[in-house]
1. Filter segment 40-61 down to the residues that are aliphatic (A, V, I, L, M) and in contact with a helix residue (DSSP H, G or I) (Cβ under 7 Å, 6 or more places away or on another chain), then identify the one that is surrounded by the fewest Cβ atoms within 10 Å (Cβ to Cβ).
2. Report whether or not Lys73 is touching a Phe, Trp or Tyr at 6+ places or on another chain (Cβ under 7 Å) and either closer than 22 Å to Ile24 by Cα or surrounded by 13 or more Cβ atoms within 10 Å (Cβ to Cβ) (or both).
3. Which ones in segment 52-82 are farther than 18 Å from Ala102 by Cα, touching a Lys or Arg at 6+ places or on another chain (Cβ under 8 Å) and in a loop (DSSP other than H, G, I, E, B)?
4. Restricting attention to segment 87-124, and to residues there that are over 17 Å from the mean Cα position of the chain (by Cα) and in a loop (DSSP other than H, G, I, E, B), which single residue is nearest to Gly44 (Cα to Cα)?
5. If you check Asp25, Asp30, which single one turns out to be part of a loop (DSSP other than H, G, I, E, B) and modelled with pLDDT under 90?
6. Picking from Pro62, Pro43, Pro31, which residue would you name as being within 20 Å of Leu90 (Cα to Cα) and over 13 Å from the mean Cα position of the chain (by Cα)?
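The values are calculated or read from the model by the stated rules, or taken from the named source; none is laboratory data. Keep in mind the model is a prediction, meaning the values are calculated, not measured. All Cβ positions, even for glycine, are placed from backbone atoms using ideal geometry, and neighbour counts span all protein chains on display.
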Amino acid sequence: MKAPATAVVNNPGECSFYGGDLKIDLYANDPTQKYYQNPVNGPGTTPLTGVGDQAQWFAPVPGKTTPWIEAHKGSLTCTVSPADPPETTLPYTGSDPFYTIAPADSAAYAAKEGALCNDIFAAS
């Protein structure tokens, strides 16, 4: 992301970081994965290996929007929902509102978001 993140906002059972249009939510007591937005390995999701106990990514509009990820480790869920181009460092073509993102670029960006969740898991 190009914008810095703000201070952590603590809500009961949830911490959130916001920066520009980047949002990171942490759910500390989520052993049943209640806070996944999509079913695990559901339609339109791609498994993200090496992140937590399990993780997946998806694009709200495939090939047009920045990937979001959901990751889970132990009883902690991490979700990352970033802005769309040009607010990110994700390569794209086109202009607002008609962005085009190559599948390989989406996968590489999702891996970076996964690394962020892994850092959070390691710190918790």
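1. If we filter segment 40-61 for residues that are aliphatic (A, V, I, L, M), which is where we start, we get 40, 48, 51, 55, 59, 61.
Now drop any that are not in contact with a helix residue (DSSP H, G or I) (Cβ under 7 Å, 6 or more places away or on another chain), which leaves 48, 51, 55, 59.
Numbers: Leu48: 22, Val51: 25, Ala55: 26, Ala59: 20.
Ranking the qualifying residues of segment 40-61, first place goes to Ala59.
2. Working: touching a Phe, Trp or Tyr at 6+ places or on another chain (Cβ under 7 Å): yes; either closer than 22 Å to Ile24 by Cα or surrounded by 13 or more Cβ atoms within 10 Å (Cβ to Cβ) (or both): yes.
Judged against the criteria, Lys73 is a match.
3. Gly52, Asp53
4. Ala102
5. Values: Asp25 fails: part of a loop (DSSP other than H, G, I, E, B).
Matching residue, one of Asp25, Asp30: Asp30.
6. On the way: Pro43 fails: within 20 Å of Leu90 (Cα to Cα); Pro31 fails: within 20 Å of Leu90 (Cα to Cα).
From the options Pro62, Pro43, Pro31, the qualifying one is Pro62.
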